[in-house]
2 protein chains.
Amino acid sequence: MTIARTICLGFVAVIAIGTLLLILPFSTQDGSWNNPIIALFTSTSAVCVTGLVVVDTGTYFSFWGQLIIMLLIQVGGLGYMTTTTFLILLVGRRFNLRQKLAIKESFDRPFLQGNSQNIIQSIIATTLLFELAGVLIMLNVFSSKYGTLEGLWLAIFHSVSAWNNAGFGLLKDNLMSFTGSWSINFAITMLIIFGGIGYQVIIEMYLFLLHKINKRQERIVFSLNFKVATSTTLLLLLGGTAIFFLVEFNNPDTFTPLNLKDKILAAWFQSVTSRTAGFNTIDIGQMTIAGLFTTMGLMFIGASPGGTGGGIKTTTLRILSDCTRSVLRGNNEVVLYGRQVPIPLVLKAVAVVFGSANLVIFMTFSISFIEVSLNPIFFDEKFNSLQVLFEVISAFATVGLSTGITASLSSMSQILLVITMYTGRVGVLLLMAAIVGDTRPRVVQYPEETLLVG
Amino acid sequence: MTIARTICLGFVAVIAIGTLLLILPFSTQDGSWNNPIIALFTSTSAVCVTGLVVVDTGTYFSFWGQLIIMLLIQVGGLGYMTTTTFLILLVGRRFNLRQKLAIKESFDRPFLQGNSQNIIQSIIATTLLFELAGVLIMLNVFSSKYGTLEGLWLAIFHSVSAWNNAGFGLLKDNLMSFTGSWSINFAITMLIIFGGIGYQVIIEMYLFLLHKINKRQERIVFSLNFKVATSTTLLLLLGGTAIFFLVEFNNPDTFTPLNLKDKILAAWFQSVTSRTAGFNTIDIGQMTIAGLFTTMGLMFIGASPGGTGGGIKTTTLRILSDCTRSVLRGNNEVVLYGRQVPIPLVLKAVAVVFGSANLVIFMTFSISFIEVSLNPIFFDEKFNSLQVLFEVISAFATVGLSTGITASLSSMSQILLVITMYTGRVGVLLLMAAIVGDTRPRVVQYPEETLLVG
Ligand SMILES: [K+]
Ligand SMILES: [K+]
């Protein structure tokens, strides 16, 4: 079995187990057997750390149901983080020897010089450490409002959900009653950012700190992945905050009632959460169209590779944006921070964006048609195609933000969303590779011929 | 002066002359001096063959004004067709010798073995031939409705406008009163398609026909450009027709009143016109959101290189889509119809799409902000950011379709649209090359390092 197939089937297996567990009566609040579509949707949403919901997690599911959901999130997030971290080594297979060496070199750091077991242990330890910190920061706010036991459970659940960029919440209005709370905003956004930036980046930061503390003399060399992921993340976070602040400033349904400090905090939170976390402190359904488009853009880009987040990834965006800059300057190679990006990687970046965009367009049209043909009166096309597009991007990039239509969609559309969440999580390329199987690279050399573009 | 600068300044010069002529009193219907912004906007829209208008061409401008507009369209369209046809030879400069030979080979056909004067003469002859045919087909319909002289003028103006993919019309409702007319639909769509498919493709078709008529034995070899342009155009036209038929079928403001034949005809017309012509037989402002998104997609893709149309071009789309297919199959080169596409061209295709998307996003945000800050009450953000996006894509791809907001925008926004039309016409890459000037390609060789994408 190819590696791609193993990963794809692994996710299917966990989703299936989750679905079965969530169907059982002990999972629901009222103790009855659960609707299989609801169980499948919730399990997929949890394992793919998406966070789209068709029922209210906090009131529909029992404590056991909620615990299962939290464990599915943890397994899904850890599984994704581990496989993508390993994948960086495995993608080297089709590269030539020189590229293979470059890949090895980027991993040639003390913490990875052990075997794969060490890496997995290190990832789990990192995860638990961050989640514990999240619980400690949020515990006070939650327990002062909901009592110690309930508060502890809320803190644990939200900490796990945030680190894994899952966006599941137990409160009816997600985090909208904490729009102005410093500690909740701080804990949740930090967990989201670090969970989404990738394990490799965190380890390099940790090594850098160790280095500084021990006052070592040798110069530390950050990997290209570190430089690209951190700089792009920072740029998107600050840019997103500024744009949300501007476009929602005059919206009476979102920002107008807030004071300046809360406006900035809400803009920051929205900027962080759109990049695949999926929590919300403002009502997405009431955002301006400009705000919705900004959110869709940030969602589509998503987080960094090797983390828990989704989307096309910051590195993909940077490769394409640098490719543009290179062409404008008359160069034919892509150079980031003094390192040349191999051409196969540029082609792969194109494939990721093009394949993802096609998936989103196909699903948006399919769901729109299903809804129109099932219920032309309910479905006001003037408004809802945009909402469907938003929903599909949110599902694809495993974000989980919604304008509020998820639960009212037909079962057929919900199943299409399940497929979108799954495909978005394992990745269009990996899924296709799993379906197609191992292909032999083309040996025929075709003559070159050029075309005009643009 | 670099070639890029010559082309960019050439367009500026023609726009400036057009603006001055359209300011003069003899251009307007009421004989007064024209508003400079209106003159600038109309001249840019005509030279860039966009077709966006801030005043009604047929009633605001005098016959002389209309004649000037028609000549600006003809000069703009011919100029673009000629420069892009030549550019296919000039882009070879930075390629290596092998690629240069491939380019030469694709042009190594009898009709081009003369000097550049022959090519220009041939382009002008082709243009006049097609426009004449258009006039003859449409004359009957127009003159039976508006009288011989007025009918002739309408036929000439619309024929020139259609061949150049300009989308300018003299009738108040564009072509909405001819939704069901076979001859108008046939003439306009044929002119649009052939004007937009590129001179090289037309010549190869002509040679093929000659070949068949003379019953020659040797096999004719079509260029890669021919195969890509024709197949992609056909696919987009038929796909577009099917989607418009489906999404507008139940829209009482567009398709519902039409009978089946007229529905198909209107869907076909909309599919053809979205790909940079910009005429309309249905009211764009009343389309469904799905219809608007489809139109935006087709507009952004646009026509083929070496024609009169705009957009990122069919060839660009095909290169990226084939790149995706190659990556999915585990290959690291882009192959179209048994020909390998050089990597610099793939990078250029990325730059075209990425640069264009950024321009569209930047302009949409800028215009939205200007309109909101100038008039928060008039500008209902819930609806109009989408309209602004539509308008900007239409301007960028020199399409000229509008949901009807062009005239009500502020002068500042209209000037931004002028810049968008101009940049969209000369192309983001060419304009940047003109601004930056000749750059020396990078000589330093950077070490390779890989990243994870997607
Ligand atoms: K999420
Ligand atoms: K046009």
Principal semi-axes in Å for the range A:210-343 [√(5λ), Cα gyration tensor, largest first]:
33, 20, 13
Which of the pairs A:LYS348/B:LYS348; A:LYS348/B:LYS227; B:LYS215/B:LYS313; B:LYS227/B:LYS313 have their Cα atoms more than 23 Å apart in this structure?
A:LYS348/B:LYS227; B:LYS215/B:LYS313
Here, the range B:122-208 modelled as identical Cα point scatterers in vacuum has Debye log10 I(q)/I(0) at q = 0.24, 0.25 Å⁻¹ of -1.18, -1.26
In Å and on Cα atoms, what radius of gyration and Dmax does chain A show?
22.1, 73
Going fewest to most other Cβ atoms within 10 Å around each Cβ, A:LEU258, B:LEU22 line up as A:LEU258, B:LEU22
Simple SL model, points at 7 angstrom along Cα→Cβ for A:ARG329 and B:ILE415; separation in nm is 3.2
Efficiency by 1/(1 + (r/R0)^6): what FRET value for B:ALA133 and A:VAL436, r their Cβ-Cβ distance, R0 = 60 Å, to the nearest 0.05?
0.80
Sorted shortest first, the nm distances from the A:SER373 label point (7 Å along Cα→Cβ) to its counterparts in the other copies are 4.8
Distance in nm between B:TYR446 and B:THR2 label points, each 7 Å along Cα→Cβ, equals 2.0
When each copy gets a label point 7 Å from Cα toward the beta-carbon at A:LYS145, what are the spacings between them in nm, shortest first?
6.4
Taking N as the number of residues in the range B:127-272, what value does Rg over Cα atoms divided by 2.2 N^0.38 Å take?
1.20
In nm, to one decimal, how far is the A:ARG216 label point from the B:ALA16 one, both placed 7 Å along Cα→Cβ?
6.2
May I ask for the percentage of alpha-carbon pairs in the range A:317-436 that lie more than 27 Å from each other?
35
Compute the relative contact order of chain A as a whole-number percentage, counting only Cα pairs closer than 8 Å that sit 6 or more residues apart in sequence.
19
Quotient of C-alpha Rg and 2.2 N^0.38 Å, computed over the protein assembly as shown
0.99
Skipping prolines and chain starts, which residues have an amide H placed within reach, meaning under 5 Å, of the one on A:PHE61, given they are 5 or more residues away or on another chain?
A:GLN29
Which residues' amide hydrogens lie under 5 Å from the amide hydrogen of B:ILE312, considering only partners 5 or more residues apart or on another chain, with H built in the peptide plane?
B:ILE301, B:GLY302
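Where a number appears in this text, it was derived from the coordinates with a stated rule and is not lab data. These figures come from a predicted structure and were not determined experimentally. For neighbour counting, all protein chains shown are included, and Cβ atoms are generated from backbone atoms with ideal geometry for every residue, glycine included.
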